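The structure appears right after this line, and notes come after that.
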Amino acid sequence: MPRISIELVPRGEAAIREELELLKNNFTCIDLINVPELLRYELHSWEGATVAKEFYREAMPHIRAIDIDLDKPLPMASYLVEHKISEVLVITGDPPQDMGRTIYPTVSTDVIRKFRDELPHIKVYAGLDQYRSSMRQEEYNIRRKIQAGAAGFFTQPFFDLRYLEIYAEILAGVEVYWGVSPVLSERSVNYWESKNNVIFPKAFQPTLEWNIDFARQALDFVKKQDANIYLMPIKTNLLPYLSGAFAK
């Protein structure tokens, strides 16, 4: 059976704990919680993942490559070991708006290798951005990340099953969590189009109904492919969206 992951934003310990309780009390099909590392919040992704492990067996923090100094040991290594976090997702990361924060010219393949060398027992996933560049370039990026030690991938959200099917052929035999995220306003549409280069299908509508229907189609697809899925209801009321997506 495919694994189902939900991405929860670590706005604070009380907030993420409340969302985890809601998920645990209403949905039995969730296997994994993944937690992004967002600079505007004080709670680190690995700290949020530790809270999530009180509710779920597996939780996966995001690690931003540009936060990692290759000349020093992984700064969260001892924390991950102490709290028995066995999976991480390595992404490049966006530069901070506050340029007083230190970042490094580190790329994700560097950090994947660093995990392989320093914490070989931790399973490392890599990000896949199907909108960033050409399909040929992204296929090359996939090969480089696998060579660096990536065990699988988390994609950017898909909004069109036809596009998802093309990437499913490219990634045949590779463990993938296919991303789905509800987009429920014109402002969000503009964000995805301008920042992430998304082209929405003509039938797309920024409504709860359309997004629930697409999530269900994507769930059916991953079940047939024996793949995994992760849902990103970041600015969405969790209960109605997930109730619709997981409805029998």
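One table, with the values for the structure above:
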{"item": "Solvent-accessible area per residue for segment 77-146 (1.4 angstrom probe, square angstrom)", "result": "56 Å²"}
{"item": "Prolate/oblate/rounded label for segment 38-158 (Cα gyration tensor, a/c 1.5)", "result": "rounded"}
{"item": "Residues whose placed amide H lies under 5 Å from that of residue 179, excluding near-sequence neighbours", "result": "155, 158, 230"}
{"item": "Candidate residues 222, 107: accessible-area rank, largest first, probe 1.4 Å", "result": "107, 222"}
{"item": "Other-chain or far-sequence residues with amide H under 5 Å of residue 93's (modelled H)", "result": "65"}
{"item": "³J(HN,Hα) computed for each position of segment 98-115 - Karplus, 6.51 cos²θ - 1.76 cosθ + 1.60, integer Hz, glycine/proline x", "result": "7, 6, x, 7, 6, 10, 10, x, 7, 9, 4, 4, 4, 6, 4, 5, 5, 5"}
{"item": "Neighbour-limited loop hits for GluC sites (Glu not before Pro), segment 65-160 (at most 12 other Cβ within 10 Å; DSSP other than H, G, I, E, B)", "result": "none"}
{"item": "Relative contact order of the chain, pairs being alpha-carbon contacts under 8 Å that are 6 or more residues apart, as %", "result": "18 percent"}
{"item": "Alpha-carbon centroid distance for the pair segment 99-166 / segment 199-231, whole angstrom", "result": "22 Å"}
{"item": "Neighbour-limited loop hits for trypsin sites (Lys or Arg not before Pro), segment 16-99 (at most 14 other Cβ within 10 Å; DSSP other than H, G, I, E, B)", "result": "40, 57, 84"}
{"item": "Mean residue ellipticity (222 nm) of the chain, computed from DSSP H runs ≥ 4 via -39,500 (n - 2.57), nearest 500", "result": "-12000 deg cm²/dmol"}
{"item": "Residue order for 44, 62 - accessible surface, 1.4 angstrom probe, largest first", "result": "44, 62"}
{"item": "Karplus-derived HN-Hα couplings along segment 144-150 (A = 6.51, B = -1.76, C = 1.60, θ = phi - 60°), whole Hz, x at Gly and Pro", "result": "4, 6, 5, 4, 6, x, 5"}
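The values are calculated or read from the model by the stated rules, or taken from the named source; none is laboratory data. Predicted, not measured: the structure shown is a model, and the values here were computed from it. Note that each Cβ is placed from the backbone with ideal geometry, even for glycine, and that neighbours are counted across all protein chains shown. The area values use the complete protein model at the heavy-atom level, side chains included, leaving out ligands, DNA and RNA. Shrake-Rupley method; radii C 1.70, N 1.55, O 1.52, S 1.80 Å.
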